[in-house]
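The values are calculated or read from the model by the stated rules, or taken from the named source; none is laboratory data. Since the model is a prediction, treat every value here as computed from it, not as a measurement. Here the Cβ is made from the backbone with ideal geometry for all residues, glycine too, and neighbour counts use every protein chain on show. Please note that ligands, DNA and RNA were not included when accessible areas were found on the heavy atoms of the full protein model with its side chains. Shrake-Rupley method; radii C 1.70, N 1.55, O 1.52, S 1.80 Å.
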Amino acid sequence: MWLVVTSMYAYEALPVAEWFRRNRELAGFHNPTRALYQTIRELTENSLDATETYGILPTIYLRVNIEDEQKGWVSVYAEDNGIGIPGNEIPNVFGRVFYSSKYKIKQHRGVFGLGLKMVVLYSQSTTNKPVLVRSATLKSDKIYEYQIMIDTNSNSPIILDRREYPNRYKWHGTAVKVYLEGNWLAAKKRIEDYLKRTAIIAPYAEIVFKGPDLELWLKRRTTKLPPAPKEGLPHPKSVDVDTLKQMIQESRGLTLLEFLMENFDAVGEGTAKAFLEWAGFNPNAKVTALTPEELVKLVDKMKQYEGWRRPRSDWLSPAGAELLEIGAKAILGAEAVFAITRKPESYGGHPFIVEAAVAWGGQIPPVDKPLLLRYANKIPLLYDEGADVARKVVDEFNWQNYKVKFPAPLAVIIHVCSTKIPYASAGKEAIAEVPEIEKEMKLALRDAAKKLRLYLSRKEKEMEMLNKYISLAKYVEEIAYNLSMITRIEKESLAKNLHTLIERKIGLTIEELVKHTLSMSSTSQEEVVEATPQ
Ligand code: ADP
Ligand code: MG
């Protein structure tokens, strides 16, 4: 794999790994702060992919150590209980750019086969140290250990050391250690946010982090995993000419009709025939005989045709409302969370699902505009919030219609999952303004906010009622006095009976009632009537 660059007189080819080393900010490795954050991200996401996608409850240990304060060197260690990497694949997985097991149409956190290699490239270009890897696959009777660097000229691994151990305790998983130039103090807050936000969307994961002055133990809050995504075929609307050419090369001389039916999602005989007739192609022509012009026409027509069925969405793995509610309650300490998973939709042939949650009260501090937690394929997005369509949707949302008056203790979660997330920039930190996605975000937010409105109005009514009782309680002594004048029954016993009557009605003693009202008022938007019972 070579990219060709030209200067005025000399021509040369730039090896792909070398190109990435030089343009590392494209993958999030701008400087020692971003690079440390990105390293944690890549390793955590690989660990989550290697566990939850295969029905394993993730347990992930992460550690950052300061290795050389003067030079600004740190080490990052990550260990998981995932499916592991076969011994013979370890060198390529760590040492060859664009090497991945995830080039499938299925939702993963990783997609490019690039993450680990960027970690290794950044690490070796700043400290010149190899990456240390230990891994065992499920049921493997051996544990493999490697020290690897990347030869950037040939885009291939250099193996500095290789060992094998008997796997006595049937361990499975992967452990990675890298040394890099990293600014722990500057990255600390982002890393903490990233891990907590990961725990919100993956409350079934146990994540333990130890840094120089930060320890996090994000406990597993549920043993329920979201259903694993299935693997799929491309939708006819989603392919470009290059992809189509590649598919044709592997097509073993099929006819156009057979080719469409075999290689595309949701295309049966009827659909394929109807399309070919509409597009003016002979269904029995050999697909390998298409001219370049015909190929371009075929792709165009495939994009234009309105008769396809929707892309299937079982390749997608949304978190689900239940998990979002568990995660947000636990990590944000919210009083109430309302989450919504919308139905699958698609843009340009790519299926997607939007989820939204609103979290209210509890430990969420009152803010002038909602705190926004953005996610793409379960990955928290922390940078470039201003460029994200989700921020726009949340800011333009008419909160007043939903009984929310700012400042309010409100956080909003928006998650988009798709086999192709339309990122706004190469840094993959913000989602672009795709109309179909924007619309779904609005609808998801509306659905979640409706539930919040219901909750807030119930709370308001409850408060009104309680306030009425409190006001009444204030007059108990006076009423009892007047009653006793008329009835000649002892005032104390009348007052006691009246108090008991009120307490029975609301199931709280007057003291408890006041406490309860005060605690509710700290998160309620309504004024509380000052209560001073005798
Ligand atoms: P990507 O995640 O985009 O596929 P990476 O370079 O991050 O690219 O990883 C390359 C491949 O290495 C993955 O596709 C996966 O097969 C394997 N891999 C990486 N980390 C792990 C891990 N912790 N456990 C199991 N396999 C892993
Ligand atoms: Mg990855």
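Every condition in (1) assigned to a helix (DSSP H, G or I); (2) modelled with pLDDT under 90; (3) open to solvent by 60 Å² or more (accessible area, probe 1.4 Å) is met by Met463 except one, and the failing one is (3). In region 52-77, which residues are closer than 20 Å to Asp213 by Cα and in contact with an Asp or Glu (Cβ under 9 Å, 6 or more places away or on another chain)? Passing the criteria: Ile60, Tyr61, Leu62, Arg63, Lys71, Gly72, Trp73, Val74, Ser75. Kindly check whether there is at least one residue in region 216-231 that is loosely packed, with under 14 Cβ neighbours inside 10 Å and assigned to a strand (DSSP E or B). Yes: one or more hits. Just to be sure, is Leu257 part of a helix (DSSP H, G or I), among the hydrophobic types (A, V, I, L, M, F, W, C) and either in contact with a Phe, Trp or Tyr (Cβ under 6 Å, 6 or more places away or on another chain) or surrounded by 14 or more Cβ atoms within 10 Å (Cβ to Cβ) (or both)? So Leu257 fits the description; yes. Can you find a residue that is of a type in the set (Gly, Ala, Ser), modelled with pLDDT of 95 or more, buried (at least 18 other Cβ atoms within 10 Å of the Cβ) and within 19 Å of the chain's Cα centre (by Cα) anywhere in region 34-49? Yes, region 34-49 contains at least one residue that is of a type in the set (Gly, Ala, Ser), modelled with pLDDT of 95 or more, buried (at least 18 other Cβ atoms within 10 Å of the Cβ) and within 19 Å of the chain's Cα centre (by Cα).
For (1) touching a residue at least 40 places away in the same chain (Cβ under 8 Å); (2) in contact with a Leu (Cβ under 9 Å, 6 or more places away or on another chain), each residue gets a yes or a no:
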| residue | (1), (2) |
| --- | --- |
| Glu215 | no, no |
| Leu218 | yes, yes |
| Pro227 | yes, no |
| Glu231 | yes, no |
| His235 | yes, no |
| Asp242 | no, no |
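One residue stands out among those in region 85-121 that are open to solvent by less than 20 Å² (accessible area, probe 1.4 Å) and more than 14 Å from ligand 2 (Cβ to nearest atom): the one that is modelled with the lowest pLDDT, which is Gly95. I'd like to check something: does region 130-141 contain any residue that is within 16 Å of ligand 1 (Cβ to nearest atom), under 15 Å from Pro91 (Cα atoms), under 23 Å from the mean Cα position of the chain (by Cα) and of a type in the set (D, E, K, R)? No, that holds for no residue. Within region 55-83, if we keep just the residues that are within 15 Å of ligand 2 (Cβ to nearest atom) and assigned to a loop (DSSP other than H, G, I, E, B), the residue that is farthest from the chain's Cα centre (by Cα) turns out to be Ile83. Of all residues in region 57-84, those satisfying the criterion of being aliphatic (A, V, I, L, M) and either open to solvent by 30 Å² or more (accessible area, probe 1.4 Å) or free of Cβ contacts under 8 Å to residues at least 12 places away in the same chain (or both) are Leu57, Ile66, Ile83.
In region 144-162, is there at least one residue being under 23 Å from the mean Cα position of the chain (by Cα) and not in a loop (DSSP other than H, G, I, E, B)? Before the answer, list the steps.
Kept after step one, since they are under 23 Å from the mean Cα position of the chain (by Cα), are these residues of region 144-162: none.
No, region 144-162 has no match at all.
Residue-wise test of (1) part of a strand (DSSP E or B); (2) farther than 30 Å from Gly232 by Cα; (3) modelled with pLDDT of 95 or more.
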position: Arg374; (1), (2), (3): yes, no, yes
position: Asp395; (1), (2), (3): no, yes, yes
position: Val416; (1), (2), (3): yes, no, yes
position: Ser425; (1), (2), (3): no, no, no
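To keep it simple, each residue is scored yes or no on (1) assigned to a strand (DSSP E or B); (2) touching a Lys or Arg at 6+ places or on another chain (Cβ under 6 Å); (3) surrounded by 14 or more Cβ atoms within 10 Å (Cβ to Cβ).
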| residue | (1), (2), (3) |
| --- | --- |
| Gly270 | no, no, no |
| Thr288 | no, no, no |
| Ser313 | no, no, yes |
| Leu323 | no, no, yes |
| Ala334 | no, no, yes |
| Ala339 | yes, no, yes |
| Pro365 | no, no, no |
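Here Thr126 meets the list (1) more than 8 Å from ligand 1 (Cβ to nearest atom); (2) touching a Lys or Arg at 6+ places or on another chain (Cβ under 8 Å); (3) at pLDDT 65 or above almost entirely, failing just condition (2).
Here's the yes/no breakdown for (1) more than 30 Å from Arg63 (Cβ to Cβ); (2) in contact with a Cys (Cβ under 7 Å, 6 or more places away or on another chain); (3) of a type in the set (D, E, K, R); (4) surrounded by 15 or more Cβ atoms within 10 Å (Cβ to Cβ):
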{"residue": "Leu233", "(1), (2), (3), (4)": "yes, no, no, yes"}
{"residue": "Lys237", "(1), (2), (3), (4)": "yes, no, yes, yes"}
{"residue": "Ile248", "(1), (2), (3), (4)": "yes, no, no, yes"}
{"residue": "Gly253", "(1), (2), (3), (4)": "yes, no, no, no"}
{"residue": "Val267", "(1), (2), (3), (4)": "yes, no, no, yes"}
{"residue": "Glu277", "(1), (2), (3), (4)": "yes, no, yes, no"}
{"residue": "Asn282", "(1), (2), (3), (4)": "yes, no, no, no"}
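Residues in region 166-186 that are touching a residue at least 24 places away in the same chain (Cβ under 8 Å), more than 16 Å from ligand 1 (Cβ to nearest atom) and out of contact with any Gly (no Cβ under 9 Å at 6 or more places or on another chain): Pro166, Lys170, Tyr179, Ala186.
Residues considered: Arg504, Arg453. Of these, the only one that is in a helix (DSSP H, G or I), within 30 Å of Val389 (Cα to Cα) and open to solvent by 50 Å² or more (accessible area, probe 1.4 Å) is Arg453. Residue pairs whose Cβ atoms lie under 9 Å apart, sitting 6 or more positions apart in sequence or on different chains, and linking a residue in region 418-445 that is under 11 Å from Ala390 (Cβ atoms) to a partner that is in a strand (DSSP E or B) and among the polar types (S, T, N, Q), are Ile437/Ser418; Ala444/Thr341.
Of all residues in region 18-42, those that are part of a helix (DSSP H, G or I) have Cβ atoms under 8 Å from Cβ atoms of residues that are basic (Lys, Arg) and within 13 Å of ligand 1 (Cβ to nearest atom), 6 or more apart or on another chain, in Phe20/Lys117.
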